[in-house]
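**Q** I'd like to ask you about the structure that follows.
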Amino acid sequence: MSNKLFKGVIAICFVLFLGLLYHNVPKTVSQADEVSLEEIFGSKHVNGERLAFEDQISFIHGMVNTLHTSFVVGTPIAYNADREPSQLVLNGGGLCYDFSRTIEKYLIYNSFQTRHVAAYIKHGSFWNTITTKGVYSHSLTEVKTDKGWMIIDSNLKFYALDDANRIYAYKDLEKLKESPSWKLSLEEGMEPFYSPNVEFVYGLYSRHGGFYKPYNFIPDYNLRELFYNF
């Protein structure tokens, strides 16, 4: 390879890398986020990674109950607009892709590790499922607990804990033949998202690019979390 061609390849790779970073959905908690999170959940602040498992579950239980007691499901924040905790407060409610963002920010604010999940009810192959318009989808969060990763629903007061106090991430569910017996109840129609009959992608916030800046046709994603898929 000539020196000129080599420099050209390096330049193209650098531009592509900048493009990837430009479309990356950040997970930092801003001062504005902190104000809104305390308005939503109160001023209690913990170090989630250092809590015992039972205390982590208690914290998560309180978080989802507070969130869904205070805000209604079914009034989404518009596309091509910010959907941070302050917008949830102003909007008075949201849908899964709005609530999951606030859940993640609150968990990060309290020193938990999180990863975003896009879940889809299977429609043929994996690629057919995630590329077909209209496939039933859901936006959720997984949190790292003392026993491993656990799914937290965004629209419901639900997290993936079964009757035997076992927790589940999506990578656990896909290994099962049938759904566990959950400790918490699921609303009708939501059961498929907690069964082996689901496809999931870590780090994908949208397929259309309309949830986070720069609001274009390129999907919204967190680059680091995409590597959880491998």
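The values are calculated or read from the model by the stated rules, or taken from the named source; none is laboratory data. Because the structure is a prediction, the values reported are computed rather than measured. Cβ: placed from backbone, ideal geometry, glycine included. Neighbour counts: every protein chain shown.
**Q** If a residue has to be under 15 Å from SER137 (Cα atoms) and in a loop (DSSP other than H, G, I, E, B) to count, how many in the range 189-210 make the cut?
**A** Taking the range 189-210 as the starting set, the residues that turn out to be under 15 Å from SER137 (Cα atoms) are 189-208.
So of that shortlist, the ones also in a loop (DSSP other than H, G, I, E, B) come out as 189-190, 195-197, 203, 207-208.
So the answer is 8.
**Q** Now a separate question. Taking only pairs six or more apart or across chains, which ones have beta-carbon atoms under 8 Å, a first residue in the range 105-125 that is without any contact (Cβ under 8 Å) to a residue 24 or more places away in the chain and closer than 15 Å to VAL198 by Cβ, and a second residue that is in a helix (DSSP H, G or I) and of a type outside the set (Phe, Trp, Tyr)?
**A** Taking only residues 6 or more apart or on different chains, the pairs are HIS123/THR129.
**Q** Going by the conditions given, is VAL135 modelled with pLDDT under 95 and of a type in the set (A, V, I, L, M, F, W, C)? It would help to see each step written out before you state the result.
**A** Values: modelled with pLDDT under 95: yes; of a type in the set (A, V, I, L, M, F, W, C): yes.
Here the answer is yes, as VAL135 does meet what is asked.
Yes/no per residue for (1) acidic (Asp, Glu); (2) surrounded by 15 or more Cβ atoms within 10 Å (Cβ to Cβ); (3) within 25 Å of HIS61 (Cβ to Cβ); (4) in contact with a Phe, Trp or Tyr (Cβ under 8 Å, 6 or more places away or on another chain):
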{"residue": "LYS175", "(1), (2), (3), (4)": "no, no, no, no"}
{"residue": "GLU178", "(1), (2), (3), (4)": "yes, no, no, no"}
{"residue": "LEU186", "(1), (2), (3), (4)": "no, yes, yes, yes"}
{"residue": "ASN197", "(1), (2), (3), (4)": "no, no, no, no"}
{"residue": "TYR202", "(1), (2), (3), (4)": "no, yes, yes, yes"}
{"residue": "SER206", "(1), (2), (3), (4)": "no, yes, no, yes"}
{"residue": "ASN216", "(1), (2), (3), (4)": "no, no, no, no"}
{"residue": "LEU223", "(1), (2), (3), (4)": "no, no, no, no"}
{"residue": "ASN229", "(1), (2), (3), (4)": "no, no, no, yes"}
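**Q** While we're here: Exactly one condition in (1) in contact with a Lys or Arg (Cβ under 7 Å, 6 or more places away or on another chain); (2) on the phi > 0 side of the Ramachandran plot is false for GLY209; which is it?
**A** (1)
**Q** Output the residue which, of all residues in the range 29-48 that are among the aliphatic types (A, V, I, L, M) and not in a helix (DSSP H, G or I), is surrounded by the fewest Cβ atoms within 10 Å (Cβ to Cβ). Before you say what the answer is, go through the steps one by one.
**A** Going through the range 29-48, the residues among the aliphatic types (A, V, I, L, M) turn out to be 29, 32, 35, 37, 40, 46.
Pick out the ones that are also not in a helix (DSSP H, G or I) and you get 29, 46.
Values: VAL29: 18, VAL46: 14.
Among residues in the range 29-48 that are among the aliphatic types (A, V, I, L, M) and not in a helix (DSSP H, G or I), the one surrounded by the fewest Cβ atoms within 10 Å (Cβ to Cβ) is VAL46.
**Q** Further, regarding this structure: Do you know which of the residues in the range 179-228 that are over 23 Å from THR132 (Cα atoms) and among the charged types (D, E, K, R) is nearest to the chain's Cα centre (by Cα)?
**A** ARG224
**Q** Now for a different question. Answer yes or no as to whether THR114 is out of contact with any strand residue (DSSP E or B) (no Cβ under 6 Å at 6 or more places or on another chain) and under 24 Å from LEU184 (Cβ atoms). Walk me through it before giving the result.
**A** Details: out of contact with any strand residue (DSSP E or B) (no Cβ under 6 Å at 6 or more places or on another chain): no; under 24 Å from LEU184 (Cβ atoms): yes.
The answer is no for THR114.
**Q** Just give me the residues in the range 42-69 being at pLDDT below 95 and of a type in the set (Gly, Ala, Ser), in sequence order.
**A** Of everything in the range 42-69, those that are at pLDDT below 95 and of a type in the set (Gly, Ala, Ser) turn out to be GLY42, SER43.
**Q** Let me ask another. Is it the case, given these coordinates, that GLU142 is touching a residue at least 12 places away in the same chain (Cβ under 8 Å) and out of contact with any helix residue (DSSP H, G or I) (no Cβ under 9 Å at 6 or more places or on another chain)? Outline the logic, then answer.
**A** Working: touching a residue at least 12 places away in the same chain (Cβ under 8 Å): yes; out of contact with any helix residue (DSSP H, G or I) (no Cβ under 9 Å at 6 or more places or on another chain): no.
No; evaluated as a whole, the condition is false for this residue.
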